[in-house]
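Chemist: This is the structure I have questions about; it appears just below.
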Amino acid sequence: QVQLVESGGGLVQPGGSLRLSCAASGRSFSNYYMGWFRQAPGKEREFVAAIRWSGGSTYYADSVKGRFTISRDIAKSTVYLQMNSLKPEESAVYYCAADRMGPYSDYNLYDYWGQGTQVTVSS
C-alpha cells in the first residue's frame, strides 16, 4: 500500500520556521515528482513546491521562492519542506503528494496524497 505520511506541522509565529516531513512508502518513487500543496479554508489547493525523486530538480511557486526549500532523503524515503519567514496568510493544511506524469504544479494530476498536516502562523 502506498502511503505518504506528513508530520512537522504546528503553531509558529510570523517570521518563524517549520520543517515538514513526508514519509513515503509502498513503492518506488524513482520516476515521480514529489509535491507539497497547501489548502486554506475557502481556498483552492495551491501548489507550493515539487522535487524529482531521481535527480532532485526542484520547482517552487513564486510566492515561496527564496523562503521555502524542498528536499528529499532517498535512503530515508522522506521528502522535506523547510519553510522560513512564514506569513500568517500561509496558514493552511499542507499536503504531500506524488505524481508520475506531471505537470508537477497541477494537483488534479497527482496520484497519491498524504493526510495533511496543519500549519498555523499566528502571533
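Chemist: Please work out how much length the chain gains when fully extended from Ser57 to Gln82, using 0.36 nm per residue of separation minus the C-alpha to C-alpha distance, in nm with one decimal.
Modeler: 7.4 nm
Chemist: Of the accessible area of the range 25-123, with the probe set at 1.4 angstrom, what percent is carbon plus sulfur?
Modeler: Details: 2160 of 4890 Å².
Roughly 44 percent of what the probe reaches on the range 25-123 is carbon or sulfur.
Chemist: Let me ask something additional. In the chain, what is the volume of the convex hull around the alpha carbon atoms, normalised per residue and reported in Å³? Walk me through the numbers on the way to the answer.
Modeler: Working: hull volume 11.5 nm³, N = 123.
Value for the chain: 93 Å³ per residue.
Chemist: Given R₀ = 35 Å, FRET efficiency for Asp111-Ala75 by Cβ-Cβ distance, to 0.05?
Modeler: Values: r = 23 Å, r/R0 = 0.66.
With R0 = 35 Å, the Cβ-Cβ based efficiency is 0.95.
Chemist: State in Å² the accessible area per residue of the range 11-111; use a 1.4 Å probe, count heavy atoms of protein chains only, and round to the nearest integer.
Modeler: Here the residues of the range 11-111 average 49 Å² of exposed surface.
Chemist: What net charge do the residues around Val64 carry, taking every other residue with its C-beta under 11 Å from that of Val64, with Lys and Arg at +1 and Asp and Glu at -1?
Modeler: Values: positive: Arg38, Lys65, Arg67, Lys87; negative: Glu46, Asp62, Glu90.
Cβ neighbours under 11 Å give a net charge of +1.
The values are calculated or read from the model by the stated rules, or taken from the named source; none is laboratory data. Not measured: the values here are computed from a predicted model. Methodologically, a virtual Cβ is constructed for each residue, glycine included, from the backbone with ideal geometry; neighbour enumeration extends over all protein chains shown. The accessibility values were calculated without ligands, DNA or RNA, using every heavy atom of the protein model including side chains. Shrake-Rupley method; radii C 1.70, N 1.55, O 1.52, S 1.80 Å.
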